[in-house]
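Any read-out appearing in this document is the output of simple, stated calculations on the displayed coordinates, not a laboratory observation. Predicted model, so just to flag it, every value in this text is computed and none were measured. Don't worry about glycine lacking a Cβ; one is built from the backbone with ideal geometry, like all the others, and counts go over all protein chains shown.
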Amino acid sequence: MATLTIAANISSNDVAYSASGAAWLVLSAANDYLIFSNGSSTIIDGATLPSQSALQQAGIVLNGTQQIVPKYFIADASLNRLWDIDLMGNQNKRYVLAFNFSASTASEPVLELWDDSTLLTVAGTTLGADTPSNSWWVGVVTTAALPGTNWTGSTLAGSGDGHYLLLNNGSGALSASATLYVNLKIVVPASAITATSATPVFAVKYASN
């Protein structure tokens, strides 16, 4: 039976999960979470977990133009600190998030985003307000190659066609243990005029042998 470990690259080295020079943080799916931000003097690598007020002050300022969020952090609940995911975002970087499967699978793993743990709705503003093509969340599978400069990827929201990631690049179930890689970015549309907060849930679905 395949088990899954998810890790984030917390270094500036674009190297694989098990490579020399790698610095990967294994995530606690139940406790750790992703923060996206403009950054500030308190929303920085190594800082303690911020207050809601500090997050709001370092948030993206809506200005009527499309913006790509520049800074991404993992909030590490066990250590009460932020880790900068330096390579995440609109960058030509390959080894950013790692999905490590311990054995073969009976189906191809997919990555989906939902409003909450019920995995039923995508009504949240950042998930497109029930229109997945309008989701702010964009992802690309980078296991085989770099994503390219200003990569396009797929908008992520729910389980509709084209709005989730096939983690094995559409090649089907895993025939053996494997580590698969993804990069993410958040693209705030020019049409966004009302401030919002979001806590979407990432779900990786697969069948085990």
Completion exercise
Read-out P(r) over Cα pairs in 10 Å bins from 0, in percent, candidates [x] 9, 34, 40, 15, 2; [y] 8, 31, 36, 20, 5, 0; [z] 8, 31, 32, 18, 9, 2; calculated match is [x]
Practice task
Can you spot the lysines whose alpha carbon is less than 25 Å from LYS205's alpha carbon? Ignore those fewer than 8 places along the same chain.
Solution key: LYS93, LYS185
Practice task
Would you calculate the separation in nanometres between label points at ASN150 and ALA29, each defined as 7 Å from the Cα along the Cα-to-beta-carbon direction?
Solution key: 3.7 nm
Practice task
Any aspartates and glutamates with Cα under 16 Å of the LYS71 Cα? List them, leaving off those in the same chain fewer than 8 positions away.
Solution key: ASP45, ASP84, ASP86
